[in-house]
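**Student:** Okay, here's the structure, questions in a sec.
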Amino acid sequence: MQNRAFGFLGMLAVMGVSIVFGMILGGRLNAPPVMLAAPTTPPLQLAPRSVGGVAYTDFADIVETSLPAVVSVTSTSRGGDEGGSPHPFMDDEFFRRFWFFGDPPERNDERQEQRRIGSGSGFIISPDGYVLTNNHVIEESDKVQVALTNGETYSADVVGTDPSIDLALLKIETDKVDLPTLPLGDSQSVRVGEWIIAIGNPHEFDQTVTVGVISGKGRRVPLPTTDSGVVSFIQTDAAINLGNSGGPLLDSAGNVIGINTAIRRQNFAEGIGFALPINQARDVVDQLREFGEVRRGWIGIRMNDAGIDEASREYFGLPDTQGVLVTWVGPGGPAAKGGMKRNDIIRTVDGDPVRDNLDMISKISSHKPGDKVRLTVFRDGRKVDLVVTLGDRKEALEAEFGRDATPQVHPRDEEPEESKGLGLTLENLDARTREQLRLGEDQDGVVITRVDFESEADDKDLRPTMVITAVNDEPIASVREWEQAMEQLRPGSPVKLDIVFPGGEQFGFVFLRAPE
């Protein structure tokens, strides 16, 4: 009884507070009005509904307009061993770290010929039925179908593919002449932190929409078949999953800025997805329409992996750290025929400054085989102008495909002569080491056997099995010559090391500072 009385009183108290609060809000109390002082600062205002000067549109409006142009892509293939995995790459170490957005193919009957069905997404780019998607969605398929959001399904022809950037161009035949399309934006101008929208068909949940931001740009992701020297990716935290492959990544104005391609799946990583920048796709669509494939230019050089840092800039007397340092010129290749030499620093291509190695690859790859490019190089303290007729990048890479993995130096019975310097321990090359490192019998130099932890050499990625062949352009054939070179270094001066990698077909320069 007592509890009920307290409960009733509590209810009255709550009701009383509520009534008073409502009267305050409504201004119905008879208390004299309170005069508020004028605010010293203006009240907060909502930001204008625009992004970068472009009028802002509600995401729902963008999705409503864009969805009709987003399609589902289904590929079917037959063949393979009866006992094989229906999706063998899922067991590969790479796919423990990166997954494509295509759903795993299904096996309908293991006792019969294997039938694989994969699904992904795509989007229409022209009213007459051209569709963009990822190459891995339709690769090695016998049949491709495209389903529109209105339920209509069409057989699609594969017009062309570019595995180097994981792109495929499809064509559907329909009586309609006004198919819905998505406008292509400018992926170069998007900024990290901008809002984006991903649309696709993850796990066959059609027309799924997620929102996130641009997390990064220019990501080099080692996807199978893609050429990391050519393609870079947009990173996003928008929720995208298996089946999103080929779907559009839209900016806040509804323009396509990317094609969803892969996700990171290592160590429970979440919110790490990658999209092919639409500018890279747009640059090759015309070639796909005309040739069914993409032909890229090749110059026939190797560039220093470390690029040009402050030490190498000072060594060569460059005004800045832009450009690429040539470590090798292929005999008989395009660059050699054009007069290029080892140690040249390429500063411009067709008058445009070269920022770094990736920029150089991008500039050359944007040309076709047979194109002539004008290069300005820095050589021996002066500028030299060259004209190079480009070769075919695909043919060059195929010629180099399939090399063995880098071997390791095995311990020997006798303790060899060794020397130290610049954070390195080095030994003489002998016949056994040359054989282990797949070097020619006439290869001179000293082999690195140890790199001091947290030394500058360690920071510059020098590693055991690399061979140093010269110090400051003076050849080194033994540890004794190495020691003599170390004695001649000026404290704090930049030191140029010529490096040969195992196999003898890759060269590089590393620049260190002599100890003070």
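**Student:** Part of a helix (DSSP H, G or I), surrounded by 13 or more Cβ atoms within 10 Å (Cβ to Cβ) and modelled with pLDDT under 90: does that describe Lys420?
**Tutor:** no
**Student:** Further question on the same structure: Give all pairs with beta carbons closer than 6 Å in which a residue from the range 483-495 that is touching a residue at least 12 places away in the same chain (Cβ under 8 Å) and within 24 Å of Glu427 (Cα to Cα) meets a residue that is hydroxyl-bearing (Ser, Thr, Tyr) and surrounded by fewer than 18 Cβ atoms within 10 Å (Cβ to Cβ); count only pairs at least 6 apart in sequence or on separate chains.
**Tutor:** Close Cβ pairs satisfying both conditions: Glu483/Ser419.
**Student:** Which ones in the range 426-446 are within 33 Å of the chain's Cα centre (by Cα) and under 20 Å from Phe511 (Cβ atoms)?
**Tutor:** Selection gives nothing.
**Student:** Let me ask something else. Residue under question is Thr210, and the condition is that it be in the same structural domain as Asp58 (by TED's automatic domain parsing) and either surrounded by fewer than 18 Cβ atoms within 10 Å (Cβ to Cβ) or touching an Asp or Glu at 6+ places or on another chain (Cβ under 8 Å) (or both); does it hold?
**Tutor:** no
**Student:** Given Ile199, Ile259, Ile240, which one is in contact with a helix residue (DSSP H, G or I) (Cβ under 9 Å, 6 or more places away or on another chain), surrounded by 15 or more Cβ atoms within 10 Å (Cβ to Cβ) and farther than 17 Å from Val146 by Cα?
**Tutor:** Within the list Ile199, Ile259, Ile240, the selection yields Ile240.
**Student:** Where the second residue is basic (Lys, Arg) and surrounded by 13 or more Cβ atoms within 10 Å (Cβ to Cβ) and the first is more than 12 Å from Leu249 (Cα to Cα) and not assigned by TED's automatic domain parsing to the domain that holds Ala69 and lies in the range 173-197, which pairs have Cβ atoms under 7 Å and are six or more apart or on separate chains?
**Tutor:** No pair meets every condition.
**Student:** Just one of Thr465, Thr449, Thr433, Thr425 is in contact with a strand residue (DSSP E or B) (Cβ under 8 Å, 6 or more places away or on another chain), polar (S, T, N, Q) and crowded, with 19+ Cβ neighbours inside 10 Å; which is it? Even if it seems obvious, please write down each step before you answer.
**Tutor:** Working: Thr465 fails: crowded, with 19+ Cβ neighbours inside 10 Å; Thr449 fails: crowded, with 19+ Cβ neighbours inside 10 Å; Thr425 fails: crowded, with 19+ Cβ neighbours inside 10 Å.
Within the list Thr465, Thr449, Thr433, Thr425, the selection yields Thr433.
**Student:** For the list (1) more than 13 Å from Val73 (Cβ to Cβ); (2) under 29 Å from the mean Cα position of the chain (by Cα); (3) surrounded by fewer than 16 Cβ atoms within 10 Å (Cβ to Cβ), I need the number of the one condition that Pro127 fails.
**Tutor:** If we test Pro127 against (1) more than 13 Å from Val73 (Cβ to Cβ); (2) under 29 Å from the mean Cα position of the chain (by Cα); (3) surrounded by fewer than 16 Cβ atoms within 10 Å (Cβ to Cβ), just (2) comes out false.
**Student:** Of the residues that sit in the range 290-315 and are more than 25 Å from the chain's Cα centre (by Cα) and more than 22 Å from Ile364 (Cβ to Cβ), which one is surrounded by the fewest Cβ atoms within 10 Å (Cβ to Cβ)?
**Tutor:** Step by step, filter the range 290-315, then rank; the result is Glu310.
**Student:** Can you name the condition, by its number, that Asp442 falls short on among (1) out of contact with any helix residue (DSSP H, G or I) (no Cβ under 6 Å at 6 or more places or on another chain); (2) touching a residue at least 24 places away in the same chain (Cβ under 8 Å)?
**Tutor:** (2)
**Student:** Can I ask one more? Check the range 456-467 and report whether any residue there is under 15 Å from Pro515 (Cα atoms), assigned to a loop (DSSP other than H, G, I, E, B), modelled with pLDDT of 90 or more and in the same structural domain as Gln506 (by TED's automatic domain parsing).
**Tutor:** Within the range 456-467 (the criterion being under 15 Å from Pro515 (Cα atoms), assigned to a loop (DSSP other than H, G, I, E, B), modelled with pLDDT of 90 or more and in the same structural domain as Gln506 (by TED's automatic domain parsing)), the answer is no, since none of the residues qualifies.
**Student:** Please enumerate the residues belonging to the range 473-499 that are surrounded by 16 or more Cβ atoms within 10 Å (Cβ to Cβ) and assigned to a loop (DSSP other than H, G, I, E, B).
**Tutor:** Ile476, Ser478, Leu489
**Student:** Hey, among Leu358, Leu386, Leu325, which residue is part of a helix (DSSP H, G or I) and not assigned by TED's automatic domain parsing to the domain that holds Asp283? Spell out the reasoning first.
**Tutor:** Numbers: Leu386 fails: part of a helix (DSSP H, G or I); Leu325 fails: part of a helix (DSSP H, G or I).
From the options Leu358, Leu386, Leu325, the qualifying one is Leu358.
**Student:** Within the range 146-180, which residues are among the polar types (S, T, N, Q) and either within 18 Å of Pro277 (Cα to Cα) or crowded, with 18+ Cβ neighbours inside 10 Å (or both)?
**Tutor:** Hits for the range 146-180 are Thr161, Ser164.
**Student:** I've got another one for you. Return the pair list, or none, for Cβ contacts closer than 8 Å from residues in the range 203-218 that are on the phi < 0 side of the Ramachandran plot to residues that are among the hydroxyl-bearing types (Ser, Thr, Tyr), at least 6 apart or on different chains.
**Tutor:** From the range 203-218, the pairs are Asp206/Ser72; Asp206/Thr149; Gly212/Thr236; Val213/Thr236; Ile214/Thr236; Ser215/Thr236; Lys217/Ser232.
**Student:** Residue check: is Gly307 modelled with pLDDT under 90 and in a loop (DSSP other than H, G, I, E, B)?
**Tutor:** Yes, satisfied.
The values are calculated or read from the model by the stated rules, or taken from the named source; none is laboratory data. The structure presented is a predicted model; accordingly, all values stated were derived computationally and were not measured. Glycine gets a Cβ as well: all are built from the backbone with ideal geometry, and neighbour counts include every protein chain shown.
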